[in-house]
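The values are calculated or read from the model by the stated rules, or taken from the named source; none is laboratory data. The structure displayed is predicted, hence computed values, not measured ones. Every residue, glycine as well, gets a Cβ built from its backbone with ideal geometry; the counts of neighbours run over all protein chains shown. Only protein heavy atoms, including side chains, enter the accessible area calculation; ligands, DNA and RNA are left aside. Shrake-Rupley method; radii C 1.70, N 1.55, O 1.52, S 1.80 Å.
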Amino acid sequence: MRILVVEDQDSIRKMIEALVRARGYEVVAVPNGAKGIDVATTEPPDIVLLDLMLPGQYDGFEVCRRLRANPSTKNVPVVIISALDDKESRGKASEAGATAYYTKPFSPIALLKEIDRLRDLLNAG
(Lines give C-alpha, C1' and ligand atoms only; values in the text may rest on other atoms or scores of the structure.)
Protein backbone atom coordinates (compact mmCIF):
# COMPACT_ATOMS: atom_id res chain seq x y z
CA MET A 1 0.00 0.00 0.00
CA ARG A 2 1.28 3.46 -0.98
CA ILE A 3 0.88 6.45 1.32
CA LEU A 4 1.54 10.05 0.30
CA VAL A 5 2.64 12.42 3.09
CA VAL A 6 2.26 16.14 2.34
CA GLU A 7 3.94 18.05 5.20
CA ASP A 8 6.19 21.11 5.04
CA GLN A 9 8.01 20.68 8.36
CA ASP A 10 11.00 18.39 7.78
CA SER A 11 11.03 16.89 11.29
CA ILE A 12 7.31 16.03 11.25
CA ARG A 13 7.44 14.74 7.66
CA LYS A 14 10.41 12.47 8.48
CA MET A 15 8.76 11.23 11.69
CA ILE A 16 5.49 10.36 9.91
CA GLU A 17 7.45 8.76 7.08
CA ALA A 18 9.47 6.59 9.51
CA LEU A 19 6.36 5.66 11.50
CA VAL A 20 4.36 4.59 8.45
CA ARG A 21 7.31 2.87 6.75
CA ALA A 22 8.02 0.88 9.95
CA ARG A 23 4.45 -0.45 9.65
CA GLY A 24 5.42 -1.88 6.26
CA TYR A 25 3.83 0.69 3.97
CA GLU A 26 5.47 2.34 0.98
CA VAL A 27 5.78 6.09 1.59
CA VAL A 28 6.25 9.08 -0.69
CA ALA A 29 6.76 12.35 1.22
CA VAL A 30 6.65 15.86 -0.25
CA PRO A 31 7.05 19.34 1.33
CA ASN A 32 4.26 21.33 -0.36
CA GLY A 33 0.79 21.20 -1.88
CA ALA A 34 1.81 21.61 -5.52
CA LYS A 35 4.13 18.58 -5.28
CA GLY A 36 1.44 16.67 -3.41
CA ILE A 37 -1.12 17.27 -6.16
CA ASP A 38 1.46 16.39 -8.82
CA VAL A 39 2.49 13.11 -7.17
CA ALA A 40 -1.10 12.13 -6.30
CA THR A 41 -2.42 12.70 -9.80
CA THR A 42 0.58 11.09 -11.55
CA GLU A 43 0.66 7.96 -9.36
CA PRO A 44 -2.44 7.92 -7.16
CA PRO A 45 -1.60 6.72 -3.63
CA ASP A 46 -3.87 4.53 -1.50
CA ILE A 47 -4.02 7.14 1.31
CA VAL A 48 -2.93 10.79 1.64
CA LEU A 49 -1.72 12.22 4.97
CA LEU A 50 -2.07 15.99 4.57
CA ASP A 51 -1.04 19.06 6.55
CA LEU A 52 -3.29 22.12 6.16
CA MET A 53 -0.78 24.94 6.59
CA LEU A 54 1.48 24.49 3.58
CA PRO A 55 3.74 27.02 1.86
CA GLY A 56 3.24 28.03 -1.76
CA GLN A 57 0.16 28.34 -3.89
CA TYR A 58 -1.90 25.45 -2.41
CA ASP A 59 -2.75 25.02 1.25
CA GLY A 60 -4.07 21.68 2.49
CA PHE A 61 -7.71 22.67 2.00
CA GLU A 62 -7.05 23.39 -1.69
CA VAL A 63 -5.00 20.20 -2.10
CA CYS A 64 -7.90 18.21 -0.68
CA ARG A 65 -10.44 19.98 -2.95
CA ARG A 66 -8.28 19.33 -6.03
CA LEU A 67 -7.79 15.65 -5.13
CA ARG A 68 -11.57 15.27 -4.74
CA ALA A 69 -12.17 17.01 -8.10
CA ASN A 70 -9.76 14.72 -9.98
CA PRO A 71 -11.29 11.43 -11.24
CA SER A 72 -8.09 9.47 -10.47
CA THR A 73 -7.90 10.64 -6.82
CA LYS A 74 -11.51 11.46 -5.89
CA ASN A 75 -11.90 8.29 -3.79
CA VAL A 76 -8.45 8.30 -2.13
CA PRO A 77 -8.84 8.74 1.66
CA VAL A 78 -7.35 12.06 2.85
CA VAL A 79 -6.30 12.17 6.51
CA ILE A 80 -5.62 15.70 7.78
CA ILE A 81 -2.80 16.15 10.31
CA SER A 82 -2.79 19.79 11.41
CA ALA A 83 -2.00 22.18 14.23
CA LEU A 84 -5.30 23.91 13.44
CA ASP A 85 -7.77 22.73 16.05
CA ASP A 86 -10.69 25.11 15.61
CA LYS A 87 -14.23 24.37 14.48
CA GLU A 88 -13.86 26.48 11.32
CA SER A 89 -10.77 24.57 10.11
CA ARG A 90 -12.40 21.21 10.83
CA GLY A 91 -15.51 22.34 8.94
CA LYS A 92 -13.48 23.60 5.95
CA ALA A 93 -11.51 20.33 5.85
CA SER A 94 -14.73 18.34 5.94
CA GLU A 95 -16.25 20.48 3.16
CA ALA A 96 -13.07 19.97 1.10
CA GLY A 97 -13.59 16.21 1.40
CA ALA A 98 -11.27 15.12 4.22
CA THR A 99 -11.80 11.57 5.46
CA ALA A 100 -10.39 12.09 8.98
CA TYR A 101 -8.81 14.88 11.04
CA TYR A 102 -5.97 14.63 13.56
CA THR A 103 -4.47 17.55 15.44
CA LYS A 104 -0.78 18.03 16.23
CA PRO A 105 0.64 16.81 18.43
CA PHE A 106 -1.06 13.59 17.36
CA SER A 107 -0.88 10.10 18.74
CA PRO A 108 1.28 7.90 16.46
CA ILE A 109 -0.73 4.87 17.61
CA ALA A 110 -4.05 6.54 16.74
CA LEU A 111 -2.71 7.53 13.32
CA LEU A 112 -1.51 3.99 12.58
CA LYS A 113 -4.90 2.62 13.68
CA GLU A 114 -6.61 5.04 11.26
CA ILE A 115 -4.31 3.96 8.41
CA ASP A 116 -4.96 0.29 9.21
CA ARG A 117 -8.72 0.97 9.35
CA LEU A 118 -8.61 2.68 5.95
CA ARG A 119 -6.46 -0.14 4.53
CA ASP A 120 -9.04 -2.68 5.70
CA LEU A 121 -11.86 -0.62 4.14
CA LEU A 122 -9.94 -0.34 0.85
CA ASN A 123 -9.24 -4.09 0.86
CA ALA A 124 -12.88 -4.88 1.61
CA GLY A 125 -14.06 -2.61 -1.24
Give me, ordered by chain and number, the residues 5 or more places off Ser82 or on other chains with an amide H under 5 Å from its own placed amide H. Tyr102, Thr103, Lys104
Among Asp85, Asp51, Asp59, which one moves the most in a GNM of the chain with springs linking Cα atoms closer than 10 Å? Asp85
Looking at Leu84, Asn123, Thr103, which one has the Cα that reaches farthest to the positive end of the dipole of the chain (charges on Cβ: Lys, Arg +1; Asp, Glu -1)? Asn123
Taking the dipole about the Cα centre of the range 1-57, with the C-beta of Lys and Arg at +1 and of Asp and Glu at -1, give me whichever of Ala34, Leu19, Leu52 is farthest to the positive side. Leu19
Nearest-20 debye value, the range 8-76 charge dipole, Cβ charges on Lys, Arg, Asp, Glu: 160
Treating only the Cβ atoms of Lys and Arg (+1) and Asp and Glu (-1) as charged, compute the dipole magnitude of the chain about its Cα centre; round to the nearest 20 debye. 240
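Run lengths n ≥ 4 of DSSP H only: what is the helix-derived mean residue ellipticity at 222 nm for the chain, with -39500 (n - 2.57) per run over all residues, to the nearest 500? Let's see the in-between values first.
Numbers: 5 runs with 60 residues, N = 125.
Calculated from helices alone, the mean residue ellipticity at 222 nm is -15000 deg cm²/dmol.
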Dimensions of the chain along principal axes (Cα, Å, largest first)? 32, 32, 24
Length-normalised contact order of the chain in % [C-alpha pairs under 8 Å, at least 6 apart]: 22
For the range 16-75, state what percent of all Cα-Cα pairs lands in each successive 5 Å bin, counting from 0 Å until the bin that includes the largest distance. 4, 19, 30, 23, 17, 7, 0
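Taking R0 as 25 Å, what's the FRET efficiency between Ala124 and Arg2 from their Cβ-Cβ distance, rounded to 0.05?
On the way: r = 18 Å, r/R0 = 0.72.
Calculated value: 0.90.
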Taking 64-73, 2-11 and ranking on average Cβ neighbours within 10 Å, highest first, one gets 2-11, 64-73
Expressed in square angstrom to the nearest 10, the accessible area of Val30 with a 1.4 Å probe stands at 10
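In Å², and per residue, what accessible area does the range 1-120 have when probed at 1.4 Å with the other protein chains present?
Details: 5810 Å² over 120 residues.
Ligands and nucleic acids excluded, the result is 48 Å² per residue.
Hey, any idea what % of the range 1-96's accessible area is carbon plus sulfur with a 1.4 Å probe? Intermediate values should be presented prior to the final figure.
Values: 2220 of 4630 Å².
Roughly 48 percent of what the probe reaches on the range 1-96 is carbon or sulfur.
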Rounded to the nearest 10 Å², the 1.4 Å probe accessible area of Tyr101 is 40
